[in-house]
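The values are calculated or read from the model by the stated rules, or taken from the named source; none is laboratory data. Since we're looking at a predicted model, the values are computed, not measured. Here the Cβ positions follow ideal geometry from the backbone for every residue, glycine too, while neighbour counts run over all protein chains shown. Side chains are part of the model used for accessible areas, which takes the heavy atoms of the whole protein and leaves out ligands, DNA and RNA. Shrake-Rupley method; radii C 1.70, N 1.55, O 1.52, S 1.80 Å.
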Amino acid sequence: MQSIIMAGGFGTRLRPITCNTPKPMAPVANKPMLEHIVNLLKHHKINDLIMLLYYQPEVITNYFKDGSAFGVNASYLKPESDLGTAGSVKFAQDKIKGTFIVISGDVLTDFDLSKAVEFHKQKKAIATMVLTSVPNPLQFGVVITDKQGRIERFLEKPSWGEVFSDTINTGIYILDPKVFQYIPKDKSFDFSKDLFPLLLKEKKPLFGYIAEGYWRDIGNHDEYRFAHYDILDSVVKINIDGKKIKWGGKDIVIGENVNIGKDVEIDNNVILGDNVIIKDGAKISRSVIGSNSIIAEGAEVVGAIIWDNVSIGTKARIKENVIGRRTIIGDRTSIQVGTIVSDDCVIEADVIVKPNLRIWPQKVIEAGSILSSSLVWGEKWSKSLFNATGITGLGNIEITPEFAAKIGSAYGAFIGKGSYIVTSRDSHNATRMIKRALITGLLSEGVKVGDLGTTPVPVIRYEIGNEGEAGGIHIRQSPLDARMIDMKFFNSAGRDISINQEKAVEQLFFREDFKRAAIDEVGEITVPSRSVEYYRSGFLKKINKTLLKENAARIVIDYAHSSASAIFPSILGELGIDVVALNAHIKTTSVIKSAKEFNHSLSQLSNIVVTLQSNAGFLIDTGAEKVFLVDEKGQIIQNDIAMFITAYLAMKANKVKDAFIAVPVYVSSVIEKIAAKFKVKVKRTGTSPRSIIEAAANEKVIFVADSSGGFIFPEFQNTFDAMYAIAKILEMLAAEQTSLNKTGKNIPPFEVLHKSMPCSWDKKGQVMRKSIEYAADKKHDLIDGVKIYFKDEWVLLIPDPDGALFHIWAESKNHAGALKLLDVYAEKVKKWQE
């Protein structure tokens with residue numbers, strides 16, 4: 001007898017475990033569920049099998065081949081389009097020789113198919129539906145038969161009000177070839193929706209056979225686990241590979257070459273695949289362990305389905321989960337009830353994975369993390385939400401509206417009910433979406449929100465504190481990667497929140513330990529009306545308007561479609577500066593430039609400066625935090641040289657006694673030489689934006705820069721501000737009656753090179769320790785990383801805070817010397833990881 005097996009399903013509801021595996025090939029008791037169907041058909045002498053394939057067909061054909069290894073004859077068909085259940089069977093019409101059975105490849109059953117076929121033949125039916133009774137029929141087709149078994153009525157997926165029986169259609173059909181004349185060719189046609197209603201209407205012999213035995217539709221993750229529990233409890237009769245042995249009074253099934261260590265506790269039935277290793281002191285209960293898997297010392301696996309080649313670390317806790325192939329679970333990690341982990345994931349040590357999450361293939365979760373939301377498309381989940389720029393993630397993938405609302409709730413709980421904060425964003429549509437979601441979370445905690453809309457970062461920073469704000473949040477498209485979104489958090493002084501404050505917000509987020517405001521205490525949204533006025537007024541008080549008006553500089557500004565274009569022109573007009581503006585309209589998409597676009601913009605700016613004989617050109621970044629310079633000759637000024645030029649001007653104009661400037665630790669020693677000329681001291685800072693900005697809080701600091709376009713003039717505000725930097729540079733040039741090009745000639749030559757080296761997270765501490773040991777007998781400092789000084793040279797080694805990298809900076813008298821230092825210390829970093 002022949003059978004058509006429906007094996008083309010995507011397994012959408014079983015994802016992510018079916019991302020790399022067609023649903024019929026998902027393992028059930030360590031063999032594909034489709035193989036259990038093949039074995040059932042073979043048991044009832046149904047040996048000629050036609051498999052209808054669609055999704056990842058090669059996985060099925062490569063496994064079963066011609067079927068001879070399984071005692072059957074297997075052939076395959078792949079319809080070119082979705083023809084529906086009956087339409088797909090019609091596709092196989094030419095191969096059918098007589099009465100045949102249609103069965104799904106993704107159910108688990110032990111029905112007596114021989115009795116069903118006998119019933120079909122006795123009734124001389126054109127079609128027989130195999131039926132069974134279930135407690136909850138809502139997800140299936142409900143069927144009523146008369147005393148002879150003839151179908152009188154059926155309804156596909158009824159509501160409770162429409163449930164007229166608990167007898168349902170199992171999707172197993174015995175069909176006479178005459179049925180093909182009722183199925184159109186090459187057209188979508190379904191058994192339950194189309195064919196069976198047609199046969200009923202035409203009063204054809206359509207029967208239902210109520211089968212005894214076990215049947216379960218493995219349609220979701222819970223059903224998948226419950227099917228395994230039924231196998232372990234011997235509720236269903238299927239063939240299980242391996243041999244039965246007694247262990248601690250319990251029946252277990254083990255494959256070949258299984259190694260069970262000392263003091264292993266097995267307190268319920270389990271199935272162990274081939275080459276499984278259970279190490280000393282582990283506890284296994286009511287679980288299926290795939291072949292070549294390792295359960296380490298003291299690990300506990302309860303009610304879990306573990307696929308092949310999985311490694312579970314020492315004292316890890318796995319409870320009622322499904323773990324995909326080749327996944328590694330670290331020591332002491334806990335994966336809580338109902339979570340599904342797909343193939344090739346790495347969940348490092350001491351991780352807590354909350355219940356009922358979905359982790360898609362090839363994800364990495366860092367050691368010590370608490371995962372509280374499903375990890376779908378992002379590559380990695382870090383133990384810290386915050387990085388050097390705030391919270392960063394893939395837009396609408398990692399930084400989603402749901403995530404933003406939860407962050408808003410955590411931050412709102414942190415600052416407290418009744419507090420007032422301001423929010424802003426760049427002009428991108430995605431950041432508007434995320435900001436609005438964030439605001440809902442804040443309001444739910446009883447926080448009042450002043451929404452500034454599309455506003456440059458310096459303006460929101462300046463606004464904070466003017467009207468009692470407890471802090472602020474700015475959402476932007478990341479300037480480093482257009483796919484990413486940044487969430488920047490500010491304290492009551494407009495500076496980045498501290499590390500301790502970040503940790504407090506993280507704890508609330510991961511613990512979800514925030515109490516919602518009562519319905520009458522939900523926060524309100526306001527629109528601060530004076531934020532631009534505050535900024536403009538403060539700005540103009542600090543700049544020498546008279547000097548700038550007298551000088552009447554002509555400049556070109558590329559606004560890069562930033563929101564600064566809505567604020568800065570009126571300020572420049574007040575200062576009497578003649579401006580040619582480029583890209584001065586706000587865009588709602590693609591607000592960040594690629595490297596190629598950025599360089600093109602600078603080149604265009606250079607050409608226009610020369611053509612118009614302007615005094616200077618300035619390119620503002622989207623957030624109006626950074627600015628890039630072109631001199632009066634059209635030369636694009638490198639960022640580090642722009643920093644030295646601006647620092648030179650600031651120190652020459654300085655009137656503060658015992659003044660300081662502040663620059664990061666990786667900046668050339670040339671800065672000390674320039675500062676010595678003006679009797680100004682240099683304070684070295686860490687490399688993070690927070691470290692650089694915090695240095696500006698000292699009242700003796702007159703200038704701070706980061707050598708990548710960021711300038712801070714603390715006289716106005718202690719943060720990066722491209723707009724104020726432009727005006728201040730023009731003021732200082734006017735005061736000295738000089739130009740950018742002329743000032744640049746005062747900067748001594750220097751050679752600083754940078755290189756990044758791969759360094760895994762678990763090796764960073766080791767490299768730092770060995771770096772410090774190496775530097776112990778040499779002149780060095782530990783401001784950020786390890787900086788080692790030699791005669792006229794230095795090298796700096798710093799672990800990357802966000803990636804698996806180690807950074808090396810080196811300065812020497814010439815390029816060859818700096819390059820040699822880089823090579824020497826790159827080799828040391830590589831060796832120190834061994």
Legend entry - Sole residue being in contact (Cβ under 8 Å) with a residue 12 or more places away in the chain, touching a Gly at 6+ places or on another chain (Cβ under 9 Å) and assigned to a strand (DSSP E or B), chosen from L753, L797: L797
Inset, instruction - Among the numbered conditions (1) polar (S, T, N, Q); (2) without any contact (Cβ under 8 Å) to a residue 60 or more places away in the chain; (3) assigned to a helix (DSSP H, G or I); (4) surrounded by 14 or more Cβ atoms within 10 Å (Cβ to Cβ), tell me where Q501 comes up short. - result: (2)
Legend entry - the stretch 325-372, residues that are out of contact with any Ser or Thr (no Cβ under 8 Å at 6 or more places or on another chain) and not in a loop (DSSP other than H, G, I, E, B): S334, I335, I340, V364, I365, I370, L371
Legend entry - The lone exception for F713 - which of (1) free of Cβ contacts under 8 Å to residues at least 60 places away in the same chain; (2) out of contact with any His (no Cβ under 6 Å at 6 or more places or on another chain) it fails: (1)
Legend entry - Verdict on K237 being open to solvent by 10 Å² or more (accessible area, probe 1.4 Å) and either outside any loop (DSSP other than H, G, I, E, B) or at pLDDT 95 or above (or both): no
Legend entry - Selected residue (criterion: most open to solvent (accessible area, probe 1.4 Å)) from residues of the stretch 99-113 that are of a type outside the set (D, E) and part of a loop (DSSP other than H, G, I, E, B): T99
Inset, instruction - Starting from the stretch 587-609, keep only residues that are in contact (Cβ under 8 Å) with a residue 12 or more places away in the chain, then list their pairs with residues that are part of a helix (DSSP H, G or I) whose Cβ atoms are within a distance under 7 Å, requiring at least 6 positions of separation or different chains. - result: T588/N429; T589/N429; K593/S601
Legend entry - Test: residue in the stretch 713-735 that is outside any strand (DSSP E or B), open to solvent by less than 10 Å² (accessible area, probe 1.4 Å), in contact with a Pro (Cβ under 8 Å, 6 or more places away or on another chain) and at pLDDT below 90: no
Legend entry - Qualifying positions in the stretch 557-576 - of a type in the set (A, V, I, L, M) and either open to solvent by 20 Å² or more (accessible area, probe 1.4 Å) or assigned to a helix (DSSP H, G or I) (or both): A564, A566, I571, L572
Legend entry - W832 being within 20 Å of S756 (Cβ to Cβ) and modelled with pLDDT of 95 or more: no
Inset, instruction - State whether the residues of the stretch 368-386 include one that is touching a residue at least 60 places away in the same chain (Cβ under 8 Å), within 26 Å of the chain's Cα centre (by Cα), over 30 Å from I323 (Cβ atoms) and open to solvent by less than 30 Å² (accessible area, probe 1.4 Å). - result: no
Inset, instruction - Would you please name the residue that is modelled with the lowest pLDDT, looking only at residues in the stretch 114-134 that are open to solvent by 10 Å² or more (accessible area, probe 1.4 Å) and assigned to a loop (DSSP other than H, G, I, E, B)? - result: V134
Inset, instruction - Go through the stretch 12-24 residue by residue and tally those that are open to solvent by 10 Å² or more (accessible area, probe 1.4 Å) and either under 11 Å from D106 (Cα atoms) or among the hydroxyl-bearing types (S, T, Y) (or both). - result: 2
